[in-house]
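Here's the structure, in structure tokens; my notes come after.
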Amino acid sequence: MKRDQGRLTEWFDEKGYGFIQSDHQKEHKVFLHIQDFAKKGPRPLIGCALDYAVVVDAKGRIRAKDVIYLKASQTHKPLNTRIESFSKQNSTLDKMTIGIILYWLILFVLLNVGKLPQFYFLWLVLVNAITYLAYRRDKTASQRGKQRIPEMTLHLLALLGGWTFAWFAQQKFRHKTQKQPFKKIFLCTVVINILFTIGMLILLEQ
């Protein structure tokens, strides 16, 4: 078996598999399962550098075996030419984080000037705390094979205002970050909740 190096471009954490983009065979994606790592380590993250043995499985897929993580100094190419997708993901994370911080600052200012009802602010704090705990429990359940929290429940919590801590929980636990259509529905709940908050503020001004 020959060995190759590449970057993880897709990862479905709930199902434990993803795809590697080889540095040398750009026309092929290499299938990777969590059990194919040579030894246990951190959960895979999109953009991470990997070294692996190349095999063809019974389904005819090009598959990675005996996979190990690589440091930047061990890769074949300069780091800045190989982590474009990872950089884009970090950029998205940074923008969302900044947006959430600004969102809470605006809420805090509105609360202090009497524009935002105190009960609504306390509700947001409570529902975000519940949402964070729900994501943590669901992640633990997925790892232990126990009963999961329905995705509809997670979306409902986000819709009710818990989307900010839902986002942080997704990144911290690497949970629901790649799954579609979960991501699209989650973004819809964010937009709807923000519109609801703006509408409520307008009505209270009248």
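The values are calculated or read from the model by the stated rules, or taken from the named source; none is laboratory data. Values in this document were obtained by computation on a predicted structure and should not be read as measured data. Here Cβ is always computed from backbone atoms with ideal geometry, including for glycine, and neighbour counts include all displayed protein chains.
Regarding the stretch 133-149, can at least one residue be identified that is exposed (fewer than 14 other Cβ atoms within 10 Å of the Cβ) and either among the small types (Gly, Ala, Ser) or on the phi > 0 side of the Ramachandran plot (or both)? Checked against the condition, which is being exposed (fewer than 14 other Cβ atoms within 10 Å of the Cβ) and either among the small types (Gly, Ala, Ser) or on the phi > 0 side of the Ramachandran plot (or both), the stretch 133-149 yields at least one hit. When Thr164, Thr153, Thr197 are screened for being in a helix (DSSP H, G or I), among the β-branched types (Val, Ile, Thr) and buried (at least 20 other Cβ atoms within 10 Å of the Cβ), only Thr164 passes.
Give the residues of the stretch 125-150 that are in a helix (DSSP H, G or I) and among the basic types (Lys, Arg), sorted by residue number. I'd like the intermediate steps shown before the answer.
To start, the set of residues in the stretch 125-150 that are in a helix (DSSP H, G or I) comprises 125-144.
Within the stretch 125-150, Arg136, Arg137, Lys139, Arg144 meet the criteria.
The single residue among Ala169, Ala158, Ala141 that is of a type in the set (A, V, I, L, M, F, W, C), free of Cβ contacts under 8 Å to residues at least 24 places away in the same chain and under 25 Å from Arg43 (Cβ atoms) turns out to be Ala141. Note on the stretch 35-51: residues that are surrounded by 16 or more Cβ atoms within 10 Å (Cβ to Cβ) and charged (D, E, K, R) amount to 2.
Quick grid of which residues meet (1) modelled with pLDDT of 80 or more; (2) in a strand (DSSP E or B); (3) surrounded by 11 or more Cβ atoms within 10 Å (Cβ to Cβ):
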residue: Ala53; (1), (2), (3): yes, yes, yes
residue: Gly60; (1), (2), (3): no, no, no
residue: Thr92; (1), (2), (3): no, no, no
residue: Ile101; (1), (2), (3): yes, no, yes
residue: Leu107; (1), (2), (3): yes, no, yes
residue: Leu110; (1), (2), (3): yes, no, yes
residue: Leu116; (1), (2), (3): yes, no, yes
